[in-house]
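Shown next, in structure tokens, is the structure this report addresses.
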Amino acid sequence: MTTTTTTTTALPRLGRETAAARARSRPAAPSGTGIVHLGLGNFHRAHQAVHTAAALAHTDGPWGILGVAGRTPDVARAMREQDLRYSVVEISPERTRITVPAVHTGALVAAEQPEDVLDALAAPATAVITLTVTEHGYTFSPRTHGLDLDSPDVRADLRGDAPARTTIGRIVRGLQRRLRLHARPVTVLSCDNLVGNGELTGRLVREFTEALPAAEREELVPWLESAVTFPGSMVDRIVPATTDTYRDAVAARLGLYDAVPVPAEPFSMWVMEDRFAAGRPAWEHGGALFTADVEPYELLKLRLLNGTHSLIAYLGALDGRETVPDSVGRPFIAEAARRVLYDEYLPSLTVPPDVDPDHYAGQLFDRWANTALGHRTRQVGSDGSVKLRQRVPDPALLHLRAGRMPHHLALTVAGYLCCVTPPPGFEPGPHAAAMADPARERLRAIVAGAAPGTGVRSAAAVRAVLESGLLGDGLTEHPEFAARVAELADVIVRHGPAGAAADALLATDGAPRPTD
Ligand code: CS2
């Protein structure tokens, strides 16, 4: 990370006029607010906002976005100071391109302005509610396969304590207000990396509603069925965290200071089901694809991209690599990535008819190798306890049920566990230590309870982790998977990630494994 120079902060601030004069930007924001977006993070600002700006450049309409941050106020505040403008720094080794989407019409912080958020969700002009709240923003319980009714936050939201604490609670309270005010239809569109994200969001909203007192439930349930849709979507763009490097790039190219630019790779993809209850922007003119069945695109992306990404991040971090391009530049990591992608993820999919898997995979390796982007292993490796569940168990089960051990999926889990629950005496390095995970403490307790001396090098400890529901339920039927994960964790400790990748490769190819 470079340090912002005083000259950078002394520059004129990015804003409506400066952006219109110096950047590729709409001169004015859209005329109305048709979209309320929950989760004002980098991904939304470099993906949906950019596709919306492109759609509006083709077909204008009242599709401004009111962005809502959860708790952290920094981005919303900076955007308000900049007339809701920020820059997207599209970056590859070949070129840097800066655009200013200028599609936001407001920026709120739910924890600070909860009533304004509910009013926005209920506003008659709001036709689409979109979400990027990350995998663990859905208050989903892997134990019950539904809304986490044990969560104190969910319980507080069900009681109606103000302000709402959870995304699902906030949505339901907003819908309730909407029904009472005018009952106009609306669409809730999840843009998070979850299997069946639309169906899941609809289900959690219904489960929350079912748990309300009878009068509220009976009022809301029929309207939900008739007036609210939950289409599925697949979203794809690599968007790292903002650093001063990108503030400096904006300063150098636009001569402006932007406190909250967003870096992004040039690639972007968005596939959605066309089930919008009250209209939508002409996103098909903004690079999005509409389909009747999004699932094949979703699984393709969640497994080939996200699943392989996790393996790269864990092996890379354990190998001392700060970034994904650095990691994939190591031949043993590139080979492990190829093996998990082609041998273990690809056979688990029905590839959509318009996708050439070799071309898609080739593009992925080029995207991961984008050295200019500096996407960090700690970012991809964070929240593994909620991410891996979307990526690993279903393909792993497919192989296990067919009598094959998916060695590279086992290596993914072993890498993850060595990063976030390092066995006693093992030092996973600074990038692994910096990975955030909501289950770190819980995992530590489970592993210490099952095998205090050896940690995840012991099959009993890995079995206990799987029994906790971390990777769904199915894998517990296959104790050989837990045993293989433990074995690979042991090889990581003794011979490093390269040794473990060599072991997985030899085992996949059926060659005798080294006896150590
Ligand atoms: C990554 C994703 O952090 C992660 O788990 O795999 O954020 C990935 O970069 C995006 O899904 C790309 O679309």
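Other residues whose C-beta falls under 10 angstrom from the C-beta of residue 227 contribute a net charge of +1, scoring Lys and Arg +1 and Asp and Glu -1. For the stretch 52-98, GluC sites (Glu not before Pro) meeting the loop criterion (DSSP other than H, G, I, E, B) and having at most 12 other Cβ atoms within 10 Å: 94. Going from the residue with the fewest nearby Cβ atoms within 10 Å to the one with the most, 117, 221 rank 221, 117. Note down the Stokes-Einstein diffusion coefficient of the chain in µm²/s, whole number, using a Kirkwood radius over alpha carbon pairs, 10 °C, and 1.306 mPa s. For these conditions, the coefficient is 67 µm²/s. Taking other C-beta atoms within 10 Å as the exposure proxy, 229, 144, 308, 243 rank 144, 243, 229, 308 from fewest upward.
Per residue, the Cα convex hull of the stretch 257-334 amounts to 167 Å³. Bridge orientation summary for the chain: considering DSSP beta bridges with both residues in this region, about 25 percent are antiparallel. Dividing the radius of gyration of the alpha carbons in the stretch 6-290 by their Kirkwood radius gives 0.98 for Rg/Rh. Here, the stretch 3-81 yields an orientationally averaged convex hull projection of 6.2 nm² when only Cα atoms define the hull. Per residue, the average separation of C-alpha pairs within less than 8 Å and at least 6 apart gives the chain a relative contact order of 14 percent.
Roughly what % of DSSP beta bridges within the stretch 6-290 run antiparallel, to the nearest 5? Taking every DSSP beta bridge within the stretch 6-290, about 25 percent pair in antiparallel fashion. Neighbours of residue 489 by Cβ distance under 12 Å: Lys/Arg scored +1, Asp/Glu scored -1, total 0.
Beyond 28 Å, how much of the Cα-Cα pair distribution for the stretch 127-263 remains, as a whole percent? Of all Cα-Cα distances in the stretch 127-263, 31 percent exceed 28 Å. For the stretch 74-122, the Stokes-Einstein estimate of translational diffusion at 4 °C and a viscosity of 1.567 mPa s comes to 102 µm²/s, using the Kirkwood hydrodynamic radius over alpha-carbon pairs. When the label point is put 7 Å from the Cα of residue 477 along its Cα-to-beta-carbon vector, which residues of the stretch 196-228 have a backbone N closer than 14 Å? The answer is none, because no backbone nitrogen lies closer than 14 Å to the label point. Scattering from the stretch 295-509 was approximated by placing one identical point on each alpha carbon and applying the Debye formula without solvent; log10 I(q)/I(0) at 0.10, 0.12, 0.13, 0.18 1/Å stands at -0.37, -0.54, -0.64, -1.30. Taking every full run of DSSP H in the chain, the ones that stretch at least 18 Å from end to end by Cα along their long axis and average 0.0 or higher on the Kyte-Doolittle scale are 407-420, 479-508. Computed extension length for residue 342-residue 269: 24.1 nm, one decimal, from 0.36 nm per residue of separation with the Cα-Cα distance subtracted. One decimal place: the segment residue 77-residue 218 gains 46.9 nm when fully extended, by the rule 0.36 nm per residue minus the C-alpha distance. Once the C-beta distance of residue 358 and residue 199 is scaled by a Förster radius of 30 Å, the resulting FRET efficiency is 0.50 to the nearest 0.05.
Values quoted throughout were computed directly from the atomic coordinates according to the rules given, and no laboratory measurement underlies them. Note that this is a predicted model, so its numbers are computed, not measured. Ideal geometry is used to build each Cβ from the backbone, glycine not excepted, and the neighbour counts take in all protein chains shown.
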